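Let me begin by presenting the structure, written as structure tokens, before commenting on it.
The values are calculated or read from the model by the stated rules, or taken from the named source; none is laboratory data. Treat the numbers as computed from the prediction; the structure is a model and nothing was measured. Cβ coordinates were reconstructed from backbone atoms using ideal geometry, including for glycine residues, and neighbour counts include every protein chain displayed. These area figures cover heavy atoms from the full protein model, side chains too; ligands, DNA and RNA do not enter into them. Shrake-Rupley method; radii C 1.70, N 1.55, O 1.52, S 1.80 Å.
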Amino acid sequence: MRRLALAFAASLAAAPLWADPAATLVGHGGPVMDIDVRADRVLTASFDYAAGLWRLSDPETPVWLDGHRAAVNAVAFLDDARALSGGDDFDAILWDLDRAQPIRRFTGHKGKVVAVAPSPDGARLATASWDGTARIWDMATGAVLATLDAHRGPVNDIAWGQGALFTASQDGRILEWDPADWSLVRVVAEHGFGINVLALDEAAGWLAFGALDGGTRVLALSDLAPLADLTADRRPVLALALSPDGARLAVGDGEGYLMVVATADWSVERDIRAALNGPVWALAFADGDTVISGGISDAATIWPLGSDVARPDTAETARAFQADPATLGNGERQFQRKCSVCHTLTGDTARRAGPSLENVFGRRAGTYPGYAYSDALAGSDIVWTAETVARLFEIGPDHMTPGSKMPMQQIASAQDRADLIEFLEIATRPE
């Protein structure tokens, strides 16, 4: 095992640092959290409360799946006509892709849903949640078939086999379950650090996992013997993806790198600085030679592994809140850090989790045209003024507008709140 780890380290040092994407999928109004691919079509999950459905042959015209009441964390194709998503609203949704409409909502988790996975026969759905459980649902009825609650922390990922289900948790363990009766079969791994993601190749007989400490390990399914240590000393590992032919494993981490490994000998083929300004949260292979990544940028990026191509004009740029604080006044800095991922300042068409703040002062809450408000705000009698905005950030939206989509957000300093309001009063005025 040590010899293999040393060989891996040597191959990493020699791997080309190649960072020229072919194209990007542009349109989301927030970071891209998950990706799945089926033939020519790509699903993306985003912080902007939407899932996107794209065709690689026509990437300019995405279809938006709007149904979650918070950030979308996970997506998966069920078949050519249906897909699944899971979100911060604690729900999973089964989608009709032709109509871009929900078929069924799976409700019952007490924490965000961070992974969705259909069973190999498509009859059941497995969901992983930060409430500490994985749940098994009947796809046809939405009924809960089992609640798997043996983990001691948030459940971060799920992988189905033909006769097994694997769950990974923040408690540092991977558990194997028997789908016949949902009994616990064995503890597959006890890593010591939270395990974020799984990749399974039953045909080849291995399971890979990526962890909070930067560890990426491969275990034999038969006896759990270690097959490879792919740790690259970058943490945390946030995404794993296996190519359709099983020949390549892609690894994404919190430092913005996409590493592509040949599974035949676990050597590094590519080590790509895929995200210039943040982590790689999402990975999926479009085919054996093309991988798609997502992260803090609004766009997903397509990487052809077999050729060098020019970086497109739409290459990733830093988000506003990543600007050098020295270049911003305090009010603008508060806006960029607290508000800019969800809101724009003007009435443009950018997709965001929240409505535009254009001309917000004097406007009644829940009335900006074209935005799908929650019932809690749609019927609100709050009028946004300097006083009500200050109160919102003093006590938090969970107290001032309970039941709304707005995440918990407070600004403790009275001066910071005052500076934010002063900035907004100028920046949100119509031209």
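For the range 40-82, which fully contained strands (runs of 3 or more DSSP E) count at least 3 residues that are under 11 Å from the mean Cα position of the chain (by Cα)?
Per the criteria, 41-46, 72-77.
Looking only at residues that are assigned to a strand (DSSP E or B) and either of a type in the set (D, E, K, R) or surrounded by fewer than 24 Cβ atoms within 10 Å (Cβ to Cβ) (or both) in the range 28-39, which one is farthest from the chain's Cα centre (by Cα)?
By that ranking, first place goes to ARG38.
Can you say whether GLY256 is on the phi > 0 side of the Ramachandran plot and open to solvent by less than 10 Å² (accessible area, probe 1.4 Å), as far as the supplied structure shows?
Yes, satisfied.
Just wondering, is there one or more residues in the range 146-158 that are of a type in the set (A, V, I, L, M) and either touching a residue at least 60 places away in the same chain (Cβ under 8 Å) or outside the structural domain of TRP206 (by the TED database) (or both)?
Checked against the condition, which is being of a type in the set (A, V, I, L, M) and either touching a residue at least 60 places away in the same chain (Cβ under 8 Å) or outside the structural domain of TRP206 (by the TED database) (or both), the range 146-158 yields no hits at all.
So which residues in the range 95-140 are in a loop (DSSP other than H, G, I, E, B), open to solvent by 30 Å² or more (accessible area, probe 1.4 Å), within 14 Å of PHE77 (Cα to Cα) and not acidic (Asp, Glu)?
Across the range 95-140, the qualifying residues are PRO120, ALA123.
Within the range 261-276, identify whether any single residue is modelled with pLDDT of 90 or more, open to solvent by 20 Å² or more (accessible area, probe 1.4 Å), of a type in the set (A, V, I, L, M) and in a loop (DSSP other than H, G, I, E, B), and answer yes or no.
yes
Determine which member of the set ASP265, ASP245 is in contact with a Gly (Cβ under 6 Å, 6 or more places away or on another chain), free of Cβ contacts under 8 Å to residues at least 60 places away in the same chain and more than 14 Å from LEU283 (Cβ to Cβ).
None of the other options fit; the residue is ASP245.
Among the residues in the range 348-362, are any within 23 Å of ARG69 (Cβ to Cβ), in contact with a Leu (Cβ under 9 Å, 6 or more places away or on another chain) and among the basic types (Lys, Arg)?
No, that holds for no residue.
Which numbered condition in (1) buried (at least 20 other Cβ atoms within 10 Å of the Cβ); (2) without any contact (Cβ under 8 Å) to a residue 60 or more places away in the chain; (3) in contact with a Gly (Cβ under 9 Å, 6 or more places away or on another chain) is the only one that VAL218 fails?
(3)
Is there a residue in the range 360-371 that is within 25 Å of the chain's Cα centre (by Cα) and under 24 Å from ALA51 (Cα atoms)?
The answer is yes, given that some residue of the range 360-371 is within 25 Å of the chain's Cα centre (by Cα) and under 24 Å from ALA51 (Cα atoms).
Output the residue which, of all residues in the range 306-358 that are assigned to a helix (DSSP H, G or I), among the hydrophobic types (A, V, I, L, M, F, W, C) and modelled with pLDDT of 60 or more, is least open to solvent (accessible area, probe 1.4 Å).
Selected residue: PHE335.
In the range 191-213, how many residues are more than 25 Å from ASP36 (Cβ to Cβ) and open to solvent by less than 50 Å² (accessible area, probe 1.4 Å)?
Selection size over the range 191-213: 2.
Answer yes or no as to whether ASP20 is modelled with pLDDT under 90 and in a loop (DSSP other than H, G, I, E, B).
Yes, satisfied.
Can you pull out the residues in the range 141-190 that are small (Gly, Ala, Ser), within 23 Å of the chain's Cα centre (by Cα) and surrounded by fewer than 19 Cβ atoms within 10 Å (Cβ to Cβ)?
GLY153, GLY161
Taking the range 210-260 only, how many residues are assigned to a loop (DSSP other than H, G, I, E, B) and not polar (S, T, N, Q)?
Qualifying residue count, the range 210-260: 21.
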